[in-house]
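Undergrad: Pasting a structure here, questions to come.
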Amino acid sequence: MNKPSLLRNLFNRPSPILAVGAHDALSAKLIEEAGFDAIWAGGFGISAAQKCLPDANFLTMTENLEVAKNINEAVLLPVIADCDNGYGNALNVMRTVIEYEKIGIAGISIEDNIFPKQCSFYPGFRRELVSVEEMEGKIRAGQSAKKNPDFLFIARIEALIAGWGMEEALRRGEAYAKAGADAILIHSKSKLPDEVIQFAKAWKLKVPLVVVPTIFDSISAESLGEHGFKVVIFANQLIRSAIRSMKEMLKELKEKGYSGAVQSHLIPLEEVYRLVGVQEMKEAEDQYLPIGGEKTRAIIVSAGFEKDLMPLIEDRPKSMLEIKGKTILERQVEVLNSCNIKDIVVVRGYQSEKIRLPNLRYYENPHYEENYILSSFFCAEPEIEGRVIFLYGDILFEKTVLEKLLQSPEDISLVVDRAWYDAHRDGKIPLGIEREVVMMKEPPPTAYRYLSSGAHQSIVKIGEKLDRNLAHGEFIGMAMFSPKGTEILRKEYEHLKHAPNGNFHEAISLQKASLTDMIQEMIERGHCVHAVDIYKGWMEIDTFEDYQRAWATLK
């Protein structure tokens, strides 16, 4: 059901329709959740909240329309827009109706103030009203412009505010009703409801009445309903309460100077997330993002201690070594973010308190001295689900390396540097330096020039102790697991935890295993592991010489 029809249907019930003034989309959402019937997009609140200006026709129709559109889109409730005096003459009112109906507003209110208007409650201003004939013309013009017959046109009478008396108010009300107004709003700034009640008692027509109990605030909506009012609008209570709350919080924050002092004033961030629909956004991402664009989590293993880097890491973990103003971890996060990977987990161990970058989640490996990379990885086991990027905490890499990995359609993909193969063949790999190397099903091409097929080769063997003459590339410490891949990984690891202790491939135990030991186990269990080949574009910081090289290379 469209919103004009929804609002019209509410008029059929015996109790009054309760509307509350909203000044933006969030306040409208709060009104809806509080259980009210409708939203009043009031000029007083919108002028104050959006521009910090008086309610005096300073905002154009376009400016008010944009706010009303935001309010309407945020809620399922019908929205009644306060359109002041229609932003001009009868022709302007026609356009006002067309534009507000177009964005789904349920109805509008037009008052008989002259242009420019003044808020009804501002003291000391001279009040002038348009003639009855001019207001009748606006009503007829507005009604002729609407396409949906249920679109509500409320005519607002300012005669009591202007001091023109009850007789004039009733005369205007009857004229506006006969001109075609769907409802009549009688306004008053009296501190008692006597004026509006007197008007309601004298009202003989079937056109329903609307009231705004702002100054006369001691009478209930139920009582106003009993006196004949069909719509009760609490126009500006919400923005006034918001201003008071913000002033109190800001005063305390200024006095005490730390955010914890004002926690009692605040709702949890999670409640804000709920209100604005973060969960719905996440569900939509999971359902509709294309393959390759799905959510990806990165897990960075940064728990270990590297004695070859002493005394550089005496007071910090390796990942927090600074290179020209940025730490290794900051550089990793920067590249991940540039590829739209914002869900980042870090496993800490040595000097864990020194790793505290914002917007990351942390897991601890308190036994980092007794175990190794695989155990550190599984300290974050709750995060090993969905699509996961695995990273060593001591590597630096170009964005193109990560982009190429993200394009892999395979369930288990390892980044393998073919430059190692050429360097080994040319005798440029120093003896005695252990590297995690891989043997692929097919050796890489040896020609000086060639085109890559684009296919990802299967890895047959991986490890530090693999015969160098059989190896075709070096694992750089970056891997990706698809949702199926993480499921396989967790299942196999769980099986191994219950197996007898003893050597585990190149490690003396499962606890001392590297990721490459786990990869070799998965290969031997029949799972396909593929290589995403690159040619250079990365560095590892294992020694002081590596650190010097990084300083010389990076910007």
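The values are calculated or read from the model by the stated rules, or taken from the named source; none is laboratory data. What you see is a predicted model; the values in this text were computed from it and never measured. No Cβ is skipped: glycine too gets one built from the backbone with ideal geometry, and neighbour counts run over all protein chains shown.
Undergrad: Out of (1) exposed (fewer than 14 other Cβ atoms within 10 Å of the Cβ); (2) under 24 Å from Ile519 (Cα atoms); (3) in contact with a strand residue (DSSP E or B) (Cβ under 8 Å, 6 or more places away or on another chain), what's the single condition that is false for Glu334?
TA: Only one criterion in (1) exposed (fewer than 14 other Cβ atoms within 10 Å of the Cβ); (2) under 24 Å from Ile519 (Cα atoms); (3) in contact with a strand residue (DSSP E or B) (Cβ under 8 Å, 6 or more places away or on another chain) is unmet by Glu334, namely (2).
Undergrad: In the list Leu496, Leu510, Leu466, which residue meets the criterion of being assigned to a loop (DSSP other than H, G, I, E, B) and touching a Leu at 6+ places or on another chain (Cβ under 7 Å)?
TA: On the way: Leu496 fails: assigned to a loop (DSSP other than H, G, I, E, B); Leu466 fails: touching a Leu at 6+ places or on another chain (Cβ under 7 Å).
Result of the check over Leu496, Leu510, Leu466: Leu510.
Undergrad: Could you say which residue among Gly292, Gly304, Gly277 is at pLDDT 85 or above and at positive phi? It would help to see each step written out before you state the result.
TA: Details: Gly292 fails: at pLDDT 85 or above; Gly304 fails: at positive phi.
Just a single option satisfies the conditions, and that option is Gly277.
Undergrad: For the range 223-253, enumerate the residues that are within 26 Å of the chain's Cα centre (by Cα) and among the β-branched types (Val, Ile, Thr).
TA: Ile239, Ile243, listed by residue number.
Undergrad: Would you confirm whether or not the range 496-506 contains a residue that is closer than 23 Å to Tyr368 by Cβ and under 41 Å from the mean Cα position of the chain (by Cα)?
TA: yes
Undergrad: Ok, one more. Name the residues in the range 366-413 that are over 18 Å from Asn337 (Cα atoms) and among the hydroxyl-bearing types (Ser, Thr, Tyr), would you?
TA: Tyr368, Tyr372, Ser375, Ser376, Ser408, Ser413
Undergrad: Mind listing whichever residues of the range 53-81 are farther than 20 Å from Met1 by Cβ and touching a residue at least 60 places away in the same chain (Cβ under 8 Å)?
TA: Selection gives Pro54, Asp55, Ala56, Asn57.
Undergrad: Continuing with the same structure: What pairs can you find where one residue is in the range 338-364 and assigned by TED's automatic domain parsing to the domain that holds Lys307 and exposed (fewer than 14 other Cβ atoms within 10 Å of the Cβ), the other is polar (S, T, N, Q) and not in a strand (DSSP E or B), and their Cβ atoms are less than 6 Å apart, with a gap of 6+ or different chains?
TA: Cβ pairs passing all conditions: none.
Undergrad: Name the residues in the range 14-70 that are of a type in the set (Ser, Thr, Tyr) and either closer than 17 Å to Cys83 by Cα or in contact with a strand residue (DSSP E or B) (Cβ under 6 Å, 6 or more places away or on another chain) (or both), would you?
TA: Residues satisfying the conditions are Ser47, Thr60, Thr62.
Undergrad: For the range 376-417, which positions are surrounded by fewer than 23 Cβ atoms within 10 Å (Cβ to Cβ), more than 22 Å from Ile323 (Cβ to Cβ) and of a type in the set (Ser, Thr, Tyr)?
TA: Within the range 376-417, Ser408 is the sole residue that qualifies.
Undergrad: Mind telling me which of the residues Thr543, Thr486 ends up being over 28 Å from Asp422 (Cβ atoms), touching a residue at least 12 places away in the same chain (Cβ under 8 Å) and of a type in the set (S, T, N, Q)? Step through it out loud before you land on a result.
TA: Working: Thr543 fails: over 28 Å from Asp422 (Cβ atoms).
So the residue among Thr543, Thr486 that is over 28 Å from Asp422 (Cβ atoms), touching a residue at least 12 places away in the same chain (Cβ under 8 Å) and of a type in the set (S, T, N, Q) is Thr486.
Undergrad: Still on this structure, please answer the following. Name every residue in the range 143-172 that is surrounded by 21 or more Cβ atoms within 10 Å (Cβ to Cβ) and in contact with a Ser or Thr (Cβ under 7 Å, 6 or more places away or on another chain), in order of residue number. Show your work before the answer.
TA: First pass over the range 143-172, keeping only residues surrounded by 21 or more Cβ atoms within 10 Å (Cβ to Cβ): 151-161, 169, 172.
Across the range 143-172, the qualifying residues are Ile154, Arg156, Glu158, Leu160, Ile161.
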